[in-house]
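The values are calculated or read from the model by the stated rules, or taken from the named source; none is laboratory data. All values derive from a computational prediction rather than experimental measurement. No Cβ is skipped: glycine too gets one built from the backbone with ideal geometry, and neighbour counts run over all protein chains shown.
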Amino acid sequence: MLEYLSQGLVIALSWENLLFMLFGTILGLVFASIPGLTFSTALILLIPLTFGLEAVPAISVLLGVYAGGMSGGSISAILLGIPGTPSAAATVIDGHEMAKKGEAGRALGMAVYASVFGGIFSLLVLMLVAPQLASVAIKFGPPEIFALVVFGLSTIVSLSGTEVVKGLLAGLFGLLLTTVGLDPVMGLQRFTFDQPGLMVGIGIMPVMIGMFALPEIIDTFLEAKKNKGQQRDDTQNKKVKAAFPTFKEIRKTFVLMVKSSAIGTGLGAIPGTGGPIASFLAYDQARRSEPKCGTGRVEGVGAPEAANNGVTGGALIPLLTLGIPGDSATAIMLGAFLIHGLAPGPLLFQNFGDLVYAIFISILIIYLMVLVIQFFGIRLFVKVLDFPKVNLMIIILAISVVGSFAINLNFSDVIIMFFSGLLGYFMKRYGFPITPLILALVLGYTIEDNFRKSLVFSDGSYSIFVQNPVSLVFLTLALVILLAPFVKPWLQRRFSKKKALQ
Amino acid sequence: MKHNRIIALILLAFVIWWGFLTTRLPETTMIGEPGPKFFPSVILLLMAVFSVILFFIKDEKKQETPELIMEDGEKIEIEEEETHPMKSALKLFAVFLAGIILVYFVGFSIGMIICLTVMLWMIGWKIFPRAFLFSASVTLIVYFLFDWLMRIPLPAGRLF
């Protein structure tokens, strides 16, 4: 481990890596600062720019966007009362109250401190847990991998929010898309319509670019057309300056920060949960320790920020050790890993140990960068809030075309990007969540491949999936998660009927 | 007809069509292996089941239509985006698709400048030189960033 650590340190501290981390962090902070722009879009658009880079700088720049994006959502949450990211929704409650009282600087300072605290806490957990988990997962065969990926995919239910049926349909459609191309076992062509471009299947990146970027661009254009000439008045925010928490505040909130970071890391490690749930659970903890939360207290700002940044390290645990992304951001990161020849999973730790530790060290440096940039550069981000979104979207549109083309230098990927965007727009409009489709697209091939290989090993006997305790546990968990939204209301109705009769 | 019902019917039609394509796939020759048909068939079956469920799910209630006439009798002009947002969105998508086709024939630089200029004009940038200059600047920046700085080739045109 020490050998990997020292090698990782050399890679992480190269000037090239530091420069790309800085760029990624600033970009993540900028994208998260502007309400309506997501750092997932920034991640998607950066991937084509990383093609010419080595694996570690490429991953580092994306990690910079991820960490910067998680942290930057608090800026508009505090100053405008609009969360920059869904994970910063809980920060609005006390953060914006503080801003209204003229304490925006204190709130921003606490948000930065808590974000960095949560991020570094989750990194330490990641460094401790990930190698152990990877050493267990390396012994997994096709039945275990199949069950594990099905479990990862079952999180579609939690990613679908209230629209479970629509989420499941989106996920199934994503799985169906993975059957286009060459059959994983027999190598036969399936659903290619004699198009050579479809032989390798439907690329993940063009679909992601289309589905994440295009609906956002079109919505921004329509909004701009509707609100022409309307400008926001942010004159009071222009003079804001972040104030670092006092020693007394740090001491008082220390236990809450640890609890919130642990909540974020724990939930982040469970695929499909993510930042918004973690930040609200942590906010609940803040209310328990400080009953005045809701009236503008630093505890109400710190707890959700520590939790949503705790998610970053937590979400990397299943991604790096098992190759299972838990949300859209980690699904995009998985795509980036694969493009750069690093297949996340237990073998990553065995074959590229130095690179894994370089990534760990890079995350630490990124959070230190977040601390410095967000704390001292707050006025710059206030100005960013005024930047016209349309101008940014025009740039994103042009990069979307180049980005989808540059992956395979194939124009059919641009067409796929366009139709994915169109589909994504319809899905968004009619309440179909996009993330389940992306998750299914990323995991579909692995599921089918390992399912069919398992059956070859067992001569066609399905008992292979239940005889093995690991696969049995994962499949049972997956079944419980998938059935819960359908069984829960039925049980509730039955229970309330019984109670009424009594 | 309600949106959920229309979508469910479209999905069911899609499932039938894709199911037909699935039946034309060859059988497996390996012992124990379920073959290339199995996985798509299971997915399609589940899709059919959930499409039927979706058919019976009620649509979420929409917000009430905004008042057209103020209390003092003044009529409020409702812009196209408020009444037909899908129509406006589809127009923008159509222009973008036309832009992609243009890029295919005349290359990234010319195609993108024209596409972006038209889109900007459509969303309210009525001063043509301003929209054109901005589109040209963005295309130029992207060109230098990818083609010149990072040596990533941009789509070249079929015609020139």
task: Evaluate segment A:479-499: report whether one residue or more is within 14 Å of another protein chain (Cβ to nearest Cβ), within 24 Å of A:ILE324 (Cα to Cα) and either of a type in the set (Lys, Arg) or in contact with a strand residue (DSSP E or B) (Cβ under 7 Å, 6 or more places away or on another chain) (or both).
output: no
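Yes/no matrix, rows are residues, columns are (1) assigned to a helix (DSSP H, G or I); (2) touching a residue at least 24 places away in the same chain (Cβ under 8 Å); (3) closer than 26 Å to A:LYS226 by Cβ; (4) at the interface with chain A (Cβ under 10 Å from one of its Cβ atoms):
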{"position": "B:PHE105", "(1), (2), (3), (4)": "yes, yes, no, no"}
{"position": "B:ILE110", "(1), (2), (3), (4)": "yes, yes, no, no"}
{"position": "B:LEU133", "(1), (2), (3), (4)": "yes, no, yes, no"}
{"position": "B:SER137", "(1), (2), (3), (4)": "yes, no, yes, yes"}
{"position": "B:PRO153", "(1), (2), (3), (4)": "no, no, no, yes"}
query: Could you list, in sequence order, the residues of segment A:373-410 that are away from chain B (no Cβ under 14 Å) and crowded, with 17+ Cβ neighbours inside 10 Å?
result: A:ILE373, A:GLN374, A:PHE375, A:ILE378, A:PHE381, A:VAL382, A:VAL384, A:LEU385
statement: Output for Cβ contacts, cut-off 7 Å, separation at least six or different chains, first residue within 10 Å of chain A (Cβ to nearest Cβ) in segment B:15-41, second buried (at least 17 other Cβ atoms within 10 Å of the Cβ) and among the charged types (D, E, K, R), reads B:THR22/B:LYS37; B:LEU25/A:ARG190; B:LEU25/B:LYS37; B:GLU33/A:ARG452; B:PRO34/A:ARG452; B:PRO36/A:ASP183; B:PRO36/A:ARG190; B:PHE39/A:GLU448
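Mind telling me which of the residues A:VAL56, A:VAL92, A:VAL112 ends up being more than 23 Å from A:VAL240 (Cα to Cα) and of a type in the set (Val, Ile, Thr)? Break it down stepwise before answering.
Details: A:VAL92 fails: more than 23 Å from A:VAL240 (Cα to Cα); A:VAL112 fails: more than 23 Å from A:VAL240 (Cα to Cα).
Answer to the selection: A:VAL56.
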query: What are the pairs, 6+ residues apart or on separate chains, where a residue within segment A:204-221 that is within 11 Å of another protein chain (Cβ to nearest Cβ) has its Cβ under 6 Å from a residue that is among the basic types (Lys, Arg)?
result: A:PRO215/A:LYS428; A:THR220/A:LYS389
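Taking segment A:174-194 as the search range and keeping residues that are at the interface with chain B (Cβ under 7 Å from one of its Cβ atoms) and at negative phi, which one is nearest to the chain's Cα centre (by Cα)?
Once the filter is applied, the top-ranked residue is A:LEU175.
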message: Quick test of your reading of the structure: A:VAL466 fulfils all but one of (1) in contact with a Leu (Cβ under 9 Å, 6 or more places away or on another chain); (2) closer than 30 Å to A:LYS139 by Cβ; (3) crowded, with 19+ Cβ neighbours inside 10 Å. Name the failing condition by number.
response: (3)
task: Pull up segment B:139-151, narrow it to residues that are surrounded by 15 or more Cβ atoms within 10 Å (Cβ to Cβ) and within 7 Å of chain A (Cβ to nearest Cβ), then point me to the one that is farthest from A:ILE217 (Cα to Cα).
output: B:MET150
task: List the number of the failed condition for A:SER154; all other conditions in (1) more than 19 Å from the chain's Cα centre (by Cα); (2) more than 9 Å from every other protein chain (Cβ to nearest Cβ); (3) not hydrophobic (A, V, I, L, M, F, W, C) hold.
output: (1)
field: Test for A:LEU18: is it closer than 25 Å to A:PHE360 by Cα, in contact (Cβ under 8 Å) with a residue 12 or more places away in the chain and not in a helix (DSSP H, G or I)
entry: no
- prompt: Is there a residue in segment A:353-367 that is in contact with a Ser or Thr (Cβ under 7 Å, 6 or more places away or on another chain), within 14 Å of chain B (Cβ to nearest Cβ) and more than 22 Å from B:ILE10 (Cα to Cα)?
  reply: no
query: How many residues are farther than 19 Å from B:LEU54 by Cβ and either modelled with pLDDT under 90 or more than 7 Å from every other protein chain (Cβ to nearest Cβ) (or both) when one looks only at segment A:416-431?
result: 5
Qualifying residues in segment A:195-211 (those that are over 25 Å from B:PRO34 (Cβ atoms) and surrounded by fewer than 20 Cβ atoms within 10 Å (Cβ to Cβ)) - the one nearest to the chain's Cα centre (by Cα): A:GLY197
message: So for segment A:351-372 (the condition being modelled with pLDDT of 80 or more, surrounded by fewer than 22 Cβ atoms within 10 Å (Cβ to Cβ), of a type outside the set (Phe, Trp, Tyr) and in a loop (DSSP other than H, G, I, E, B)), does at least one residue qualify?
response: no
statement: With criteria (1) at pLDDT 90 or above; (2) surrounded by fewer than 23 Cβ atoms within 10 Å (Cβ to Cβ); (3) of a type in the set (A, V, I, L, M, F, W, C), A:PHE451 comes up short on (2)
